[in-house]
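The values are calculated or read from the model by the stated rules, or taken from the named source; none is laboratory data. Because the structure is a prediction, the values reported are computed rather than measured. Here the Cβ positions follow ideal geometry from the backbone for every residue, glycine too, while neighbour counts run over all protein chains shown.
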Amino acid sequence: MTDAAAPETTRTSYATAQERSQALEKRIAEDPSGLRVLTGDRPTGALHIGHYFGTLRNRVRLQDAGVETWILVADYQVITDRDVIGDIAGSVRELLTDYLAVGIDPERATIFAHSAVPAANQLMLPFLSLVTQPELERNPTVKAELAAAGRSAMGGLLLTYPVHQAADILFCHGNVVPVGKDQLPHIEQTRVIARRFNERYAHGEQYFAEPDALLSEAPTILGLDGDKMSKSRGNAVMLRMSEAETAKLLKKAKTDSERLITFDPEARPEVANLLTITALASGRSPQEIADEIGDKGAGTLKVIAADALNAHLAPIRARRAELEQDPGYLMSVLRAGNERATEVADATLAHVREVMGMVY
Ligand code: TRP
């Protein structure tokens, strides 16, 4: 993430982010008061086990550790790199269902959507005045998204969405942002915006605190074909799948012809991936599982993986099935979250306008 050409203000190193992340973990364990988690997802459909083991489980852990939790359904970000918005309401409903099924508790967590909180979006205007075009164009994650979308021209929202993300985080004074490595440039951009806002508009008052990324320790899960796990590639175990669908998908997973099962992520990524999934689902180590299977081959590994995963997901899936029956409840959760977020965003925007002298 280090960019040698970047000015001091935007330069960051993974090591520094990791140190800050570790300090945060310590604070969470000792006394989480004063910490506020803000995180979110683009609503593009139902979630898979990569989302679950990579981020969702961690969010539930933070919530249960007593950290105040805000979760954003980032609907405006869906249109950063695609023209077709699709069935956004359906995608939002799927996302909400998965959130609640895995254990996000709407009594403790605030779940809300971008488009329903106008004051938070309005922060984007003063924030845009604090960043430069080269700074935005340098963001490696934005560049990668442009390339992945297969486009030559950068859309205005794609270029500026990290600033929008700063508004997401800062409107509610989120100070803990649990993210993967790819989101670090956005967190750094948010820190820069907070700092510049305080200096330039708030006359040195530390109105916006600089948030920290909380880097996940969870190993990355690959798709069952060895590529990145993604619903559109058909290589993902979705939380919403049945046990039979899960077993069938795992049976087709790519492996190798070596009968002796060993945990070797470098040389045997697909076999290692199945062992990792089994380990995450059963709370055991991948090596232990490999030793147990020995020379019984990949067929046995796949059955063990499916069984472990289905057992782990059973309560989540049962809850999911119940929630699916009650779309009215799901929407009431989102509406309550939207209201709470709007109250906080209104107060923040009022303060911002005040320090900027824009009160008439
Ligand atoms: N950009 C994030 C993603 O693509 C989603 C997101 C939007 C987000 N706003 C956020 C994540 C604020 C953390 C904090 O996954």
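Please pick out the residue among A281, A236, A253 that is buried (at least 19 other Cβ atoms within 10 Å of the Cβ), assigned to a helix (DSSP H, G or I) and outside the structural domain of G54 (by TED's automatic domain parsing). Result of the check over A281, A236, A253: A281. Answer yes or no as to whether E205 is without any contact (Cβ under 8 Å) to a residue 12 or more places away in the chain and surrounded by fewer than 21 Cβ atoms within 10 Å (Cβ to Cβ). Judged against the criteria, E205 is not a match.
One residue alone among E210, E188 is buried (at least 22 other Cβ atoms within 10 Å of the Cβ), within 16 Å of the ligand (Cβ to nearest atom), within 21 Å of M124 (Cα to Cα) and charged (D, E, K, R), and that residue is E188. The set of residues from the stretch 293-313 being over 17 Å from A244 (Cα atoms) and surrounded by 14 or more Cβ atoms within 10 Å (Cβ to Cβ) comprises I293, K296, G297, A298.
Which ones in the stretch 239-250 are of a type in the set (S, T, Y) and in a helix (DSSP H, G or I)?
Of everything in the stretch 239-250, just one residue is of a type in the set (S, T, Y) and in a helix (DSSP H, G or I), namely T246.
Screening V344, V271 for residues that are in contact (Cβ under 8 Å) with a residue 60 or more places away in the chain and assigned to a helix (DSSP H, G or I) leaves exactly one candidate, V344.
Output yes when any residue across the stretch 104-117 is part of a helix (DSSP H, G or I) and either more than 11 Å from the ligand (Cβ to nearest atom) or not assigned by TED's automatic domain parsing to the domain that holds V333 (or both), and no when none is. Yes, because at least one residue in the stretch 104-117 is part of a helix (DSSP H, G or I) and either more than 11 Å from the ligand (Cβ to nearest atom) or not assigned by TED's automatic domain parsing to the domain that holds V333 (or both). The test for being of a type in the set (G, A, S), part of a helix (DSSP H, G or I), in contact with a Leu (Cβ under 8 Å, 6 or more places away or on another chain) and more than 12 Å from the ligand (Cβ to nearest atom) holds for A194. Just so you know, in the stretch 62-106 the residues that are out of contact with any helix residue (DSSP H, G or I) (no Cβ under 7 Å at 6 or more places or on another chain) and modelled with pLDDT under 95 include one that is surrounded by the fewest Cβ atoms within 10 Å (Cβ to Cβ), and it is V84. Inspection of the stretch 156-171 finds a residue satisfying the criterion of being among the acidic types (D, E), in the same structural domain as V117 (by TED's automatic domain parsing) and within 14 Å of the ligand (Cβ to nearest atom). Here L24 meets the list (1) away from the ligand (no atom under 16 Å from the Cβ); (2) closer than 17 Å to Q183 by Cβ almost entirely, failing just condition (1). Within the stretch 211-234, identify whether any single residue is more than 27 Å from the chain's Cα centre (by Cα) and among the charged types (D, E, K, R), and answer yes or no. Scanning the stretch 211-234, I find no residue that is more than 27 Å from the chain's Cα centre (by Cα) and among the charged types (D, E, K, R), so the answer is no. Exactly one residue out of A298, A311, A336 is within 24 Å of the chain's Cα centre (by Cα) and either within 30 Å of A119 (Cβ to Cβ) or touching a residue at least 12 places away in the same chain (Cβ under 8 Å) (or both), and it is A336. Here the helices (runs of 4 or more DSSP H) wholly within the stretch 130-184 that include at least 1 residues being more than 18 Å from R59 (Cβ to Cβ) and of a type in the set (K, R) are 133-138, 140-148. Checking each residue of the stretch 136-153 against the condition of being away from the ligand (no atom under 15 Å from the Cβ), buried (at least 22 other Cβ atoms within 10 Å of the Cβ) and modelled with pLDDT of 95 or more gives no match.
So which of N198, N121, N175 ends up being in contact with a strand residue (DSSP E or B) (Cβ under 6 Å, 6 or more places away or on another chain) and modelled with pLDDT of 95 or more?
Answer to the check: N175.
Number of residues in the stretch 214-225 that are out of contact with any Ser or Thr (no Cβ under 6 Å at 6 or more places or on another chain) and either at pLDDT below 95 or surrounded by 17 or more Cβ atoms within 10 Å (Cβ to Cβ) (or both): the value is 8. Restricted to the stretch 33-83, and to residues there that are within 20 Å of P315 (Cβ to Cβ) and not in a helix (DSSP H, G or I), the residue that is nearest to the ligand (Cβ to nearest atom) is L47.
Residue pairs whose Cβ atoms lie under 9 Å apart, separated by 6 or more positions or on different chains, with the first residue in the stretch 165-186 and at positive phi and the second outside any helix (DSSP H, G or I) and modelled with pLDDT under 95, do not occur.
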